[in-house]
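Worksheet: the structure to be examined is printed underneath.
Read-outs: derived from the displayed coordinates by stated rules, not from any lab. Worth saying up front: this structure is predicted, and the values here are computed from it rather than measured. Glycine gets a Cβ as well: all are built from the backbone with ideal geometry, and neighbour counts include every protein chain shown.
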Amino acid sequence: MDVLFIEFYHNTGFYLWDYRYLIMIVVGLVFVYLGIAKDYEPLLLVPIGFGILMGNIPVFQGLGLSIYEDNSVLHYLYFGVTQGIYPPLIFLGIGAMTDFSTLLARPILMLLGAAAQTGIFITFLGALALGFAPNEASSIGIIGGADGPTAIFLTAKLAPHLIGPIAVAAYSYMALVPVIQPPIMRLLTSRKERLIRMEEPREVTKREKIIFPIVAFLLCCFLAPAALPLLGMLCFGNLLKEAVVTERLAQTARNSLIDTATILLGITVGASTQGDIFLVPSSIGIFALGALSFSIATASGVLFAKFMNLFLKIKINPLLGAAGVSAVPDSARVVQMVGQKEDPTNFLLMHAMAPNVSGVIGSAIAAGVLWSLMAS
C-alpha cells in the first residue's frame with residue numbers, strides 16, 4: 001500500500017513542482033486579477049492568465065499533457081499560433097467591427113499612425129545591438145505596435161521559439177495602455193496643446209466606405225506583399241461590414257469567429273509560458289525592449305503631431321499622436337481621458353480613432369516589411 005501511495009505521489013504536481021512553475025502561476029493569477037478586477041483588456045488577459053495556469057501545472061512526460069508534446073491536445077490547438085492561423089482570423093473580426101469614417105474624413109491623421117511605427121524600427125536596432133539575431137530583433141521590435149495578433153504572426157514566422165515571451169509582453173503592454181501612455185503624453189505636451197479642439201470632420205459617403213477597404217488592400221499589399229494575410233483579412237472584414245448585403249457574415253466575423261480565435265489564442269499562448277522554458281534571461285530582455293518600443297512609439301506619434309502643427313493652419317491636438325499605436329480602441333480612449341482632464345467638454349475620441357485604426361494598418365505593413373527583409 002505504501003509503495004502505491006509513493007508511486008501515486010511521484011506522479012502528482014506536488015512532487016514534480018519547480019519554483020519556476022510557481023513564479024509563472026503567480027504571474028497568471030496577476031493577469032486574471034488585472035483582467036477581472038481592473039478591467040484591463042479582460043478578453044485578452046483572462047484567457048492568457050488562465051492559460052499560464054494551465055501551462056504551469058507540472059506533468060510528467062509521455063501522457064500527452066504538455067503543450068510541447070506532439071501528441072497533446074494543447075499542442076494541436078497551439079498549431080493555430082505557431083502557423084499564424086489565429087491572428088488573421090482576429091484581423092477579420094477587427095475589420096468587421098471597425099469604422100474607417102474618421103480616417104477617410106481627415107486622411108492627414110493617417111500620418112500619426114505611420115509615425116508611431118518608429119518605435120518598432122528603433123527597438124529592432126536596439127535588439128540587434130544587444131546581441132539578438134536579426135529575426136529575433138524583428139519580432140521583438142513589433143511589440144511597439146501594441147498589436148498582439150501582429151506580434152504573434154510575425155514571431156511565428158521568424159522566431160517561433162520566442163512566441164511565449166513576445167506574445168505575453170505584447171498583450172501586457174496592450175492591457176497597460178491606460179497606465180503607460182498618459183505620463184508620456186503629459187510630459188511631451190503643454191496644457192495649451194492639450195486644450196486644442198478639433199474641428200468637426202466632414203460626412204463620409206457610403207460609397208467611400210465601400211471603396212476604401214478595396215483600395216487600401218491593393219495599395220498596402222503591393223507595397224508590402226508579406227502583410228497580405230493580415231491586411232487582406234482586415235480589409236475583407238471591413239468590406240463585409242460596409243457592403244450591408246453581407247451583414248450576416250460581418251456579424252459572424254465580429255462576434256463568434258473573433259471570440260473563438262481570441263479564446264484559443266489566449267489559452268495556448270498562456271500555456272506556452274511553461275516556467276522551465278519561459279523563465280530565461282532572454283525573456284527579461286524581451287520585456288524591457290518591449291516597454292522601450294511601446295514608449296518610443298507613443299512618443300513618436302505625439303512628437304510628430306507637434307511637428308505637423310508647425311505647417312498646419314488649423315492645428316491638431318498632439319495627444320492624438322499617442323493613438324497611433326494599434327491598441328484599438330484603448331489608445332483612443334486614453335487620448336479622450338487625458339484631454340478631458342484638461343477640459344471636460346473637449347471630445348477627442350472620434351478624432352483619435354483615425355490614427356488608431358491607421359496604426360493597425362501601419363503595424364501590419366511594418367510586420368510585412370520586416371518579414372520580407374528577413375526572408376530575403
Problem set entry | Cα-only radius of gyration and Dmax that characterise the stretch 278-364, units Å | 15.0, 52
Problem set entry | Where trypsin sites (Lys or Arg not before Pro) fall in DSSP loop in the stretch 115-206, at most 10 other Cβ within 10 Å | Arg202
Seminar exercise, completed: One point scatterer per Cα, no solvent, Debye formula: log10 I(q)/I(0) for the stretch 98-165 at q = 0.14, 0.16, 0.29 Å⁻¹ comes out as -0.50, -0.60, -1.20
For this session: Specify the inter-centroid distance of the stretch 275-327 and the stretch 135-196, based on alpha-carbon positions, in whole Å.
Result: 7
Exercise. Projected area of the chain, taken from the Cα convex hull and averaged over every viewing direction, in nm²?
Worked result: 20.7
Exercise. Kyte-Doolittle mean at least -1.0 and Cα extent at least 24 Å along the axis: which DSSP H helices of the chain qualify?
Worked result: 19-36, 206-223, 281-309, 349-375
Exercise. Between Ile52, Ile211, Ile122, which gets the highest mean-square fluctuation from a Gaussian network model of the chain, Cα cutoff 10 Å?
Worked result: Ile211
Seminar exercise, completed: Taking a crude spin-label model, label points 7 Å out from Cα along the C-beta direction, the Ile210 to Lys341 distance in nm is 4.4
Exercise. If you add up the charges near Arg254, with Lys and Arg at +1 and Asp and Glu at -1, over every other residue whose beta carbon is less than 11 angstrom from its beta carbon, what do you get?
Worked result: -1
Problem set entry | Most mobile listed residue (Thr118, Thr82, Thr205) in the chain, GNM with C-alpha springs under 10 Å | Thr205
For this session: Under a cut-off of 24 Å between alpha-carbon atoms, report the lysines in cross-link reach of Lys206, not counting same-chain residues fewer than 8 places apart.
Result: Lys241
For this session: Starting from the Cα of Lys157, draw a straight line to each of the aspartates and glutamates and keep only those under 18 Å, dropping any in the same chain fewer than 8 residues away.
Result: Glu136, Asp147
Seminar exercise, completed: Given Cβ charges of +1 for Lys and Arg and -1 for Asp and Glu, the option among Ile258, Thr268, Asn56 whose Cα lies farthest towards the positive end of the dipole of the chain is Ile258
For this session: Can you tell me the dipole magnitude for the chain around its Cα centre, using point charges on the Cβ only (Lys, Arg +1; Asp, Glu -1), in Debye to the nearest 20?
Result: 1540
